[in-house]
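Everything on this sheet refers to the single structure shown next.
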Amino acid sequence: MKTQAELKQDVAKAAFDYVRSRVGDKAVIGIGTGSTANCFIDLLAGIRAQIEATVASSEASAERLRAHGIPVFDLNAVDGVDIYVDGADEANSALELVKGGGGALTREKIVAAVAREFVCIADESKLVTRLGAFPLPVEVIPMARSHVGRELLKLGADPVYRQGVLTDNGNIIIDAHGLQITDARGLEERINNITGVVCNGLFARRAADVLLLAGQNGVRTLRAG
Ligand code: 5RP
């Protein structure tokens, strides 16, 4: 029986092979954040000389890439992102995601928005029939913390301030517990419309294009629709 760590390695290797089959040496590769994305970064180190450019969705991933000698560019310095590889906290069969367990949701969402193709990588424990068991992260301007908390309560959530965490953008995170998410797209928009919210961890308006899912019997490829 493989451990979750081994499954993350398996799916990172599948993503590595997938990316190499999809894009050439001149590609700009978007890099996600988290332990699964870290496995992918470590595999890229083996072909560092062939990588023209990456953009990172967090300072932590940028540091890890640079430590391997892989070139990292500011998103504004590249013309586009050919392919983006990132993990998730939850995914459904429509490839809608909950992300932001590591607090990098806003930059992740920006890179995903720019990317021509978004490849989500996860072990099979992340596939759910309904999103929301994992608390939904919401990045908030610090002075709006109480206001956003009250608005999240009105939406039926139990908001919990993530103590001691500041995002790469200098903001706080509120985790919205207890949401039963049946309309991910609608909820994503509603939460984004609360004044003081920078972004929330629902990736429904821009869902993944491909989900690589590692299980005990290998890695499956799921596509939306
Ligand atoms: C970070 C994220 C990660 O993709 C998500 O938390 C999954 O992490 P891991 O690969 O460590 O399970 O959204 O903000």
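Would you please list the contacts, defined by Cβ atoms under 9 Å and residues six or more apart or on different chains, that run from a residue in the stretch 72-85 that is assigned to a loop (DSSP other than H, G, I, E, B) to a residue that is open to solvent by less than 30 Å² (accessible area, probe 1.4 Å) and acidic (D, E)? Going by the 9 Å Cβ cut-off, the qualifying pairs are D82/E117. Taken together, the residues in the stretch 44-74 that are open to solvent by 50 Å² or more (accessible area, probe 1.4 Å), among the aliphatic types (A, V, I, L, M) and either farther than 14 Å from G102 by Cβ or over 19 Å from the mean Cα position of the chain (by Cα) (or both) amount to 2.
Can you find a residue that is under 25 Å from D123 (Cβ atoms), modelled with pLDDT of 95 or more and either within 12 Å of the ligand (Cβ to nearest atom) or touching a Gly at 6+ places or on another chain (Cβ under 6 Å) (or both) anywhere in the stretch 65-78? Scanning the stretch 65-78 turns up no residue that is under 25 Å from D123 (Cβ atoms), modelled with pLDDT of 95 or more and either within 12 Å of the ligand (Cβ to nearest atom) or touching a Gly at 6+ places or on another chain (Cβ under 6 Å) (or both). The residue that is nearest to N192 (Cα to Cα), among those in the stretch 141-168 that are part of a loop (DSSP other than H, G, I, E, B) and in contact with a strand residue (DSSP E or B) (Cβ under 7 Å, 6 or more places away or on another chain), is I141. Scanning the stretch 5-21 for residues that are in contact with an Asp or Glu (Cβ under 7 Å, 6 or more places away or on another chain) and open to solvent by 90 Å² or more (accessible area, probe 1.4 Å) gives no hits. Among the residues making up the stretch 89-134, those that are in contact with a Phe, Trp or Tyr (Cβ under 6 Å, 6 or more places away or on another chain) and in a loop (DSSP other than H, G, I, E, B) are D89, K99. Within the stretch 199-213, none of the residues are open to solvent by less than 40 Å² (accessible area, probe 1.4 Å) and over 18 Å from the mean Cα position of the chain (by Cα). Can you give me the number of residues within the stretch 108-128 that are under 17 Å from E189 (Cα atoms) and either open to solvent by 50 Å² or more (accessible area, probe 1.4 Å) or more than 14 Å from the ligand (Cβ to nearest atom) (or both)? Result for the stretch 108-128: 2.
The values are calculated or read from the model by the stated rules, or taken from the named source; none is laboratory data. These numbers were taken from a predicted model, which means no experiment stands behind them. Virtual Cβ from ideal backbone geometry, glycine too; neighbours counted across all protein chains shown. These area figures cover heavy atoms from the full protein model, side chains too; ligands, DNA and RNA do not enter into them. Shrake-Rupley method; radii C 1.70, N 1.55, O 1.52, S 1.80 Å.
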